[in-house]
1. Nearest 10 degrees, 0 to 90: what angle lies between the long axis of helix 814-827 and the longest principal axis of the chain (Cα atoms)?
2. With θ set to phi - 60° and the Karplus curve 6.51 cos²θ - 1.76 cosθ + 1.60, what are the ³J(HN,Hα) couplings of region 711-727 in order, to the nearest whole Hz, using x for Gly and Pro?
3. Can you list the aspartates and glutamates whose alpha carbon is less than 18 Å from that of LYS112, not counting same-chain residues fewer than 8 positions off?
4. Can you give me the angle between helix 799-812 and the longest principal axis of the chain, using Cα atoms only, in degrees from 0 to 90, rounded to the nearest 10?
5. Quick one: of the DSSP bridges fully inside the chain, what percent are antiparallel, nearest 5?
6. Restricting attention to region 788-833, which trypsin sites (Lys or Arg not before Pro) occupy a DSSP loop and are surrounded by at most 12 other Cβ atoms within 10 Å?
7. Filter the cross-link list LYS587/LYS626; LYS644/LYS685; LYS460/LYS630; LYS426/LYS718 down to pairs whose alpha-carbon distance in this structure exceeds 23 Å.
8. Scan the chain and report its longest stretch carrying no chymotrypsin sites (Phe, Trp or Tyr not before Pro) that are both in a DSSP loop and have at most 13 other Cβ atoms within 10 Å.
Amino acid sequence: MAQYKLGVEVVGAHDLMPKDGHGSASACVELQFDGQKFRTSVKERDLNPVWNEQFYFAISDPFNLPNMHLEASIYNNNKELHSRSFLGKVRIAGTSFVPLSDAVVMHYPLEKRGLFSRVKGELGLKVFLTNDPSIKASNPLPAMDPLSNQPPGNPNAVPLVHEHKSQARHTFHSIPKEVHHHNYHPQNNPLPPGTINDQAPPFVQYATDPMKAQPVPPRIVRMYSSASSQQPPEYALKETNPFLGGGQVVGGRVIRADKPASTYDLVEQMQYLFVRVVKAKDLPAMDVSGSLDPFVEVRVGNYRGKTRHFEKKQNPEWNEVFAFSRDRMQTSVLEVLVKDKDLVKDDFVGIVRFDLNDVPTRVPPDSPLAPEWYRLVDKKGDKAKGELMLAVWMGTQADEAFPDAWHSDAAAPADATVIGAHIRSKVYHAPRLWYVRVNIIEAQDIIMHDKTRFPDVYVKAQIGNQFMRTRTSQARPNPFWNEDLMFVAAEPFEDHLILSVEDRVGPNKDEILGRVIIPLASIERRADDRIIHGRWFNLEKAVAIDVDQMKREKFATRLHIRVCLDGGYHVLDESTHYSSDLRPTAKQLWKPSIGLLELGILGAEGLHPMKTREGKGTSDTYCVAKYGHKWVRTRTIIDSLGPKFNEQYTWEVYDPATVLTVGVFDNCQIGDKGKEGNGNNRDAKVGKVRIRLSTLETGRVYTHRYPLLVLHPSGVKKMGELHLAIRFSSTSLINMLYQYSRPLLPKMHYVRPLTVMQLDLLRHQAVQIVAARLGRMEPPLRREVVEYMSDVDAHLWSMRRSKANFFRLMSVFSGLFAVGRWFADVCAWRNPITTVLVHVLFLMLVCFPELILPTVFLYMFLIGIWNYRYRPRYPPHMNTKISHAEAVHPDELDEEFDTFPTSKSAELVRMRYDRLRSVAGRIQTVVGDIATQGERIQALLSWRDPRATAIFVLFCLVAAVALYVTPLQVLVAISGIFVMRHPRFRHRLPSAPVNFFRRLPARTDSML
């Protein structure tokens, strides 16, 4: 195995701080990584030095690479004083290291070493990983830094730098990536050759005794205190106190049991009987032809599992594992039969029986149980010909054989042949998405077939199923566009960028003048907004032409474009309100994680039957959880309305303002009687749960039953309850608090922002790409599942959502409305004591204006402290009241579930269009009224109404003199007392200023 090395190319620095007293600096860069130190040469008197030097660090422990850091410090070397001064440093986390093929030059802003350090400028570095055996690690500096005592000019102080430049592109088996934990993968497995693990395997202890969950009545909790947000009790969240692998959960805290805790402490431990069928030998010939088609059948009571069969093979190898739930076993005997596959009836070959009371128990991280040879016996118990290699043991879902095993709780007892890859659990990694920016600048030497007319030339760009085009240009022969086109592409890049120059010769008739095909893998990548140099591409003819015609054409049409892969953006592949990841595409820009999210999917209860099998309602349920690039899918539990999954998963968290989404689906790929369907059925959605991480307390275990609420054309419906255990652990509290001051999106979203229409179109394309890629995996994650989890239709029009958003807006301003009503009561002297106290407070603040802001902030502080007692202790969930889903009209629901474009009748569409026009008319009136008030303010000084403007100008003159003479505090006090005067001194008619303002002219007279 070739040793991995970290390559660092020091490109240059920009705009350094002058430190030599003459307005310049003599800079060198010192690199430190994994106990090794390298130094570049010194660039004399240069604030923008360029080095272009490469260094290679040996990585001592690749497993600990994410916990390492590369530190690059810039120093100014002073030969006269034999000293050096600090110019800045850059610290790069090990999680940002990428292979050479993905590496780009990054310009990092220099950081301070201390609080009083003065630094500025940027340092350009290219950091990458390589396992090329021809590249040797550079010679490090000695342990004693010679620059601390020797002048920098000493040739012994700076060792010779060994540069190794390879023009070949290196291939990696695996590179460090973000840590993904899964409850099926043991932490102590050896890594395959050529693999770097990004975290050392932790020490794991497992509890050997099963912990049975006692029936604890769930407690209904309320999420919202306001009456307008209350919903029926059956739709409420229910807190539970289950017994999990780490102990009983009470009030979010785990009461440890008197046994070592398991790594899977957020799920209930489930006992399984594991049977590994390895191979057989010396099996007898059963057919007349002397052949044998063997397979193995494992029986535990009514449950039967079968291996695949081999044709005409007497020494077969299966290496398949079967897992039988201990809670469902109703017998104490395990039978393993070897049979001969036949068309009419399978022939019996031999059998091996086990007493389940004698089966050993295996607890990871113990080594796997070694399989043994067992002699086959016939039905009478006499020895038969042939032997079978088996391994039988008791274990839990923590066993590494669990994910690939056949499960008895995932198959119907009546017909146990219903096993397919699509019902097993799986961890998926969504592809890394890139924005492709194509800047179409100009074309040269366009050759037209019809030279008597002006051309309408445009450029059409295509990547996969994405098409975009520029505007038409009539310039001849060198049309100019300078337009940016944005696309989404996924790694590995399978599609090409196809650019075609076309001429519109008539309505719906375009002529292709030429095209160019650019592989996406050859496109330059960037992680910032640096300028990409343009390139000229020769266009190829779309149709073949003869050689003589090619000789007559002296010049070729060329296209000038700039194209790059923008890695500084975060590619939005989900709704912006429910984003689970906000990191940019370029891994060099990733920051270290701030925490760990652990999810235990315990099970579901009270599910609504989704299908009918053998005359009764049932459901084949599985769960899908999505956070960041990692998607997980539990195994499918067949024929159960209360499935128990007990699977635990873990994600790294990089931003608390993200959302975890867990969906429940019914597997419709399984037909009646357990046979696989044709794959054309769509998996039915049962419901989903969203949990925002910022609403969770760190270190607390949340165990709740979440109602699965789904909106149907007939109204909202509860499909069951999903039992989850969630824990959000913080690895660095300071980094988490610092994250609240950082921008929500990467820097490029603010430096070169994309329009709302661009983002919406690109998000739709990204979802389609992710769905296509995940649908090609095994087992496939179907398109309808990905679209439902990503809320692909959240942007479509819905009358219900519009009303819900309006009432949400009214709820936000309800506090202001309440303050306004209270102040109106004060002005009306409804409660004289309160009004007098408000007068006294007002006069105090007028006399001491310096107390206004401290009083406001102190008041908000006291309100926050008071509300701490009533803080939400549970994560929010779906609320039918807020969603305005309880009293919605059936026609509005039918409109919401309509396809786009519509598939309804013309009369129904006309009725809905008229209704939309009436709603838009009210909105139009409100917008016009707001514009009218603003135009009246502008009319005060525009002399549109000369008498009104003259009155206002004279008033301004008098007010200026009065305000100059009268102290401001006196004016404010008089104004406040006048506003809060007693009703006896008020008139029912509007005041003079209001009347004057309403008489001002607006532009409504100019409207058509």
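The values are calculated or read from the model by the stated rules, or taken from the named source; none is laboratory data. All values derive from a computational prediction rather than experimental measurement. Using ideal geometry, Cβ is built from the backbone for each residue, glycine included, and neighbour counts are taken over all protein chains shown. Side chains are part of the model used for accessible areas, which takes the heavy atoms of the whole protein and leaves out ligands, DNA and RNA. Shrake-Rupley method; radii C 1.70, N 1.55, O 1.52, S 1.80 Å.
1. The answer is roughly 30 degrees.
2. Going residue by residue, I get 8, 10, x, 8, x, 6, 9, 8, 9, x, 10, 10, 9, 10, 10, 10, 9 Hz, with x marking Gly and Pro.
3. Straight-line reach from LYS112, under 18 Å: ASP15, GLU30, GLU71, GLU122.
4. Rounded to the nearest ten degrees, it is 60.
5. Here the share of antiparallel DSSP bridges comes out near 95 percent.
6. Within region 788-833, the qualifying trypsin sites (Lys or Arg not before Pro) (loop, at most 12 other Cβ atoms within 10 Å) are ARG830.
7. Long pairs (Cα-Cα over 23 Å): LYS460/LYS630; LYS426/LYS718.
8. Numbers: sites that count: PHE116, PHE203, PHE555, TYR740, TRP797, PHE813, TYR870, PHE897, TRP943.
Between exposed loop sites, the widest span is 204-554.
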